[in-house]
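Working notes, beginning with the structure itself.
The values are calculated or read from the model by the stated rules, or taken from the named source; none is laboratory data. For clarity, every value in this text was computed on a predicted model and none was experimentally measured. Because the Cβ atoms are built from the backbone with ideal geometry, glycine has one as well, and the counts that use them run over all protein chains shown.
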């Protein structure tokens, strides 16, 4: 399937409206000083085998914030970036030029932040900036509904429980 780029809107993209998610992410793009936060992380990312370019560092930081704001584990963050145009635009990923970071890359970046004690510092800095701008952040959640076939033993157990409940009800109802 051919990838569409944002430069040439086709199909329904001409009639796209701004969603609440897109508005929220546009506001976060303006309020949060991404360069300052990247400067906090950059010295730790330049050591050893973790050498991220400045652009990639900011993308990974934005993905980390998306994970926090939308309660996304690593795999769900990767999938959300493929699914949501608003999230891809916020992070700065053009699928026509580069892929979304895979689940392992996202996880390694999150662990890098945790290892250096930067997770709390970053989230505290963002919260403080939002408070200074008169904003309050309420954490949301994206639900991923799935249909999962239940194992057979669950049905058996349910039937057994219902039979024993019926037996108790009939024994209680019987006068002695």
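Can you spot a residue in segment 90-100 that is modelled with pLDDT under 90 and either on the phi > 0 side of the Ramachandran plot or out of contact with any strand residue (DSSP E or B) (no Cβ under 8 Å at 6 or more places or on another chain) (or both)?
Within segment 90-100, none of the residues are modelled with pLDDT under 90 and either on the phi > 0 side of the Ramachandran plot or out of contact with any strand residue (DSSP E or B) (no Cβ under 8 Å at 6 or more places or on another chain) (or both).
Just a yes or no: is a residue in segment 44-52 at pLDDT 70 or above and within 26 Å of residue 121 (Cα to Cα)?
Checked against the condition, which is being at pLDDT 70 or above and within 26 Å of residue 121 (Cα to Cα), segment 44-52 yields at least one hit.
Just to be sure before I move on: is residue 39 surrounded by 12 or more Cβ atoms within 10 Å (Cβ to Cβ), in contact with a helix residue (DSSP H, G or I) (Cβ under 7 Å, 6 or more places away or on another chain) and either within 23 Å of residue 106 (Cβ to Cβ) or at pLDDT below 90 (or both) in the structure I sent?
no
Does segment 129-147 hold any residues that are under 12 Å from residue 69 (Cα atoms), modelled with pLDDT of 60 or more and surrounded by 10 or more Cβ atoms within 10 Å (Cβ to Cβ), and which are they?
137
What number of residues within segment 106-128 are surrounded by 13 or more Cβ atoms within 10 Å (Cβ to Cβ) and assigned to a helix (DSSP H, G or I)?
Here the count works out to 15.
Taking segment 86-102, which residues are under 22 Å from residue 23 (Cβ atoms), touching a residue at least 24 places away in the same chain (Cβ under 8 Å) and buried (at least 16 other Cβ atoms within 10 Å of the Cβ)?
The answer is 86, 87, 90, 91, 93.
Between a first residue in segment 18-29 that is assigned to a helix (DSSP H, G or I) and a second residue that is modelled with pLDDT of 90 or more, which pairs have beta carbons less than 6 Å apart while being 6 or more apart in sequence or on different chains?
The qualifying pairs are 21/86; 22/86; 25/86; 25/90.
Quick one: would you say residue 72 is within 26 Å of residue 124 (Cα to Cα) and not in a helix (DSSP H, G or I)?
Criteria met by residue 72.
So residue 29 passes all but one of these: (1) exposed (fewer than 10 other Cβ atoms within 10 Å of the Cβ); (2) modelled with pLDDT of 90 or more. Which condition number does it fail?
(1)
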